[in-house]
1. Name, by its number, the condition in (1) touching a Gly at 6+ places or on another chain (Cβ under 8 Å); (2) outside any helix (DSSP H, G or I); (3) more than 22 Å from residue 84 (Cα to Cα) that does not hold for residue 439.
2. Which one of 304, 337, 289 is within 12 Å of ligand 2 (Cβ to nearest atom) and either of a type in the set (Asp, Glu) or not in a helix (DSSP H, G or I) (or both)?
3. Taking the stated definitions as given, is residue 457 in a helix (DSSP H, G or I), out of contact with any Leu (no Cβ under 9 Å at 6 or more places or on another chain) and of a type outside the set (Ser, Thr, Tyr)?
4. Conditions first: (1) without any contact (Cβ under 8 Å) to a residue 12 or more places away in the chain; (2) within 17 Å of residue 393 (Cβ to Cβ). Residue 279 passes all but one, so which condition is the exception?
5. Being part of a loop (DSSP other than H, G, I, E, B), surrounded by fewer than 20 Cβ atoms within 10 Å (Cβ to Cβ), of a type outside the set (Val, Ile, Thr) and touching a His at 6+ places or on another chain (Cβ under 8 Å) is the requirement here; does residue 327 meet it?
6. Tally up the residues in the stretch 464-508 that are in a loop (DSSP other than H, G, I, E, B), more than 12 Å from residue 443 (Cβ to Cβ) and at pLDDT 95 or above, please.
7. Residue by residue through the stretch 302-358, note down the ones that are among the small types (Gly, Ala, Ser) and within 16 Å of ligand 1 (Cβ to nearest atom).
8. Restricted to the stretch 397-413, and to residues that are of a type in the set (Gly, Ala, Ser) and near ligand 2 (Cβ under 10 Å from one of its atoms), which residue is farthest from the chain's Cα centre (by Cα)?
Amino acid sequence: MVNPLFDSLFGRHSGKQTAFLYLPDGSVLTHDAFLKLTARFAHAIKAAGVAPGDRVAVQIAKSPEALAVYAACVQSGVIFLPLNTAYTPAELEYFIGNSGAKLVLCDPRNLEALTPVATSHDARLMTLDANGDGSFATVAIAMPEVFPTVARSTDDLAAFLYTSGTTGRSKGAMLSQGNLLSNAEVLVEHWRFTPEDVLLHALPIFHTHGLFVATNIMLLAGGAMIFLPKFDTDTVIARLPEATAMMGVPTFYTRLLDDPRFDRDLTAHMRLFVSGSAPLLAETHRLFEARTGHRILERYGMTETNMNTSNPYDGARRAGTVGFPLPGVELKVTDPESGAALAQGEVGMIEVRGPNVFQGYWQMPQKTAEELRADGFFITGDLGLIDDQGYVQIVGRGKDLIISGGYNIYPKEVELALDDQPGVLESAVIGAPHPDFGESVVAVLVPEPGQAVDTAAIETDLRGKLARFKQPKKLVVMEALPRNTMGKVQKNVLRDQFAGVFDPSAVG
Ligand code: MCA
Ligand code: AMP
């Protein structure tokens, strides 16, 4: 194969008039039309001066065109760097600078704010909106609908996905063609995807779940997707009858269960519901089965590793577990201090090794060495155990991380922004249980001696600095933070204290 990822996912569909994307307006995009769009985009990328191995940073609305940018990067041998559409220009500056992106594609609405950022990092800035229009599309439209695929090997990098760290600095996880392809191959087989499948796709496409799990699988299987711009309960319920499978974060499933239209009749024809990115409560798993007769298939993955474990397709899908290591993935539970393997049933650090594990963090050899062992095992930061039947259970996190509606929030990043605020001496950010998002952000602020803290002004200021989903949904002022005898902030004490802040049934 000239370019394994492109040939396997995209190239093999060349000329096929089969449906690839079912769109919200009722129109259908065929595989062939998608490939022609991809070729035009690949020409436009090349015309922008981007060479194989360069990075293209992309912050655009979900659309067929946005997906074609991904395909075009793969076809051009260019590294694709998707960015959450919620990120502020202040946040984007870091990703553009750190990655050294040659080309930045943004929504026209952000053009003005991003122009100085792109200029200062010597990146070309072009636009593409939710309808597929913009300066990038204007160049592409005049281009040929065939592009000579750039040769790559499975070791070549295909994508950077930034993941935050406990120090507050984001790290670019480098994913090779082989990382992405091997995982897609395993998942198609494991979850039995075929060309007959139609996946209801309501996830964003700037993260692993919506892009490398959902989309890569459907491309490899040769199936189609009902491609929705975002999750909306009414639309999902309306389009579900056309689907055979759905993937989502737990919030999708709790929102659907909150709607009485979501019942056995509506879902009787469905083949598979998959959940991941955040823990699915055992209670949700059981409610879902009682309502629909389906057992959700829960799996576990990470940006750095794609998917590691999955509940079985046949056999028991056990609530509160993430199933077994996928074929080709080795998983062990180790002592977090010594790294020694622990006995079955003991709780420790989950480590994984396999063709899915990433190549390291971009230009951060020290961070890479801290998390990726020389023998290839990646230290996930998740605490878990392997039960007596071999199922993996995640019981907690060894990393200070909040997962809200499937989005990761690193408290340190929010604390750094809060500590800069006038009148704030220090802060502690924790996650509290939230009925919709699973967990949500609470910030505890300690004022400088004798000073008042203006929480409304802080909320306003944070809007320009942090993506909306990272902003605390609750700000609390306290005189001091609880500390242990070593002086370390006791976040567990705060978590207990604020466990009920988002509980709708709580009084007061
Ligand atoms: C939106 N808001 C959020 C979130 N999403 N706040 C906290 N957490 C969130 N996840 C903000 C909105 O800006 C809005 O603010 C308010 O909360 C309510 O918005 P709402 O309309 O309810 O939100 P939504 O647009 O319906 O989005 C909720 C969502 C979405 C559908 C759950 O967040 C989503 O699609 N999440 C999926 C994330 C995902 O794909 N993760 C995979 C990562 P305001 O009212 O002030 O405007 S990949 C991964 O983790 C690994 C590899 C894996 O294993 O998959
Ligand atoms: P990210 O780095 O954004 O890809 O997030 C990966 C993290 O999400 C993992 O390290 C886990 O903490 C969490 N995660 C993903 N899937 C699950 C799951 N099924 N159950 C619990 N946590 C999960």
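1. (3)
2. On the way: 337 fails: within 12 Å of ligand 2 (Cβ to nearest atom); 289 fails: within 12 Å of ligand 2 (Cβ to nearest atom).
Exactly one of 304, 337, 289 is within 12 Å of ligand 2 (Cβ to nearest atom) and either of a type in the set (Asp, Glu) or not in a helix (DSSP H, G or I) (or both), namely 304.
3. Against the criterion (in a helix (DSSP H, G or I), out of contact with any Leu (no Cβ under 9 Å at 6 or more places or on another chain) and of a type outside the set (Ser, Thr, Tyr)), residue 457 qualifies.
4. For residue 279, the exception is condition (1).
5. Values: part of a loop (DSSP other than H, G, I, E, B): yes; surrounded by fewer than 20 Cβ atoms within 10 Å (Cβ to Cβ): yes; of a type outside the set (Val, Ile, Thr): yes; touching a His at 6+ places or on another chain (Cβ under 8 Å): yes.
Here the answer is yes, as residue 327 does meet what is asked.
6. As a first pass, look at the stretch 464-508 and keep what is in a loop (DSSP other than H, G, I, E, B): 466-467, 471-473, 478-482, 484-488, 490, 498-508.
From the residues that got through so far, the ones that are more than 12 Å from residue 443 (Cβ to Cβ) too are 467, 479-480, 482, 484-488, 490, 499-500, 502-508.
Filter once more, so that each one left must be at pLDDT 95 or above: 467, 479-480, 482, 490, 499-500, 502.
Within the stretch 464-508, residues that are in a loop (DSSP other than H, G, I, E, B), more than 12 Å from residue 443 (Cβ to Cβ) and at pLDDT 95 or above number 8.
7. Those that are among the small types (Gly, Ala, Ser) and within 16 Å of ligand 1 (Cβ to nearest atom): 310, 323, 354.
8. Among them, the one singled out is 398.
The values are calculated or read from the model by the stated rules, or taken from the named source; none is laboratory data. From a predicted model like this one, the values you see are computed outputs, not experimental measurements. A quick note on method: Cβ atoms are made from the backbone with ideal geometry, for glycine too, and the neighbour counts reach across all protein chains shown.
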